[in-house]
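One structure below.
A short reminder: the numbers here are calculations on the coordinates, not readings from a lab. Small disclaimer: the values here were computed from a predicted structure and weren't measured. Cβ coordinates were reconstructed from backbone atoms using ideal geometry, including for glycine residues, and neighbour counts include every protein chain displayed.
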Amino acid sequence: MARGEVTGRKLGVTGVAPMAYSIRQFCQGHNISVDTYFRMQRVGSGPVTMKVGGRTLISIEAAAAWRRERESDAKASTAAE
């Protein structure tokens, strides 16, 4: 089998854009630790989650809303200074 850089194909990619993140994927994508994620969830500043079977997932829309909230919180705290 040819290497991915030879064929131009990315190995392991299905060609379907993800519609939800696992907790680990969310943390990796947002450059935060899993511990930070759970700390934010405990204080109520984490993203909205959904249960699918036994898994906890974060939709792409919930992740975007979480980022907007964090940005507006940052702007509000900067304006207050």
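Could you please tell me which pairs satisfy a Cβ distance under 7 Å, a separation of 6+ or placement on different chains, a first residue in the range 26-54 that is without any contact (Cβ under 8 Å) to a residue 40 or more places away in the chain, and a second residue that is part of a strand (DSSP E or B) and surrounded by 10 or more Cβ atoms within 10 Å (Cβ to Cβ)?
So the pair list comes out as Phe26/Ile58; Gly29/Tyr21; Pro47/Ile58; Thr49/Thr56; Thr49/Leu57; Thr49/Ile58; Met50/Leu57; Met50/Ser59.
Can you list residue pairs whose Cβ atoms sit under 9 Å apart, with the first residue in the range 64-81 being more than 19 Å from Pro18 (Cβ to Cβ) and the second being surrounded by 10 or more Cβ atoms within 10 Å (Cβ to Cβ)? Count only pairs 6 or more apart in sequence or on different chains.
Glu69/Ser45; Glu69/Pro47; Arg70/Ser45; Asp73/Ser45
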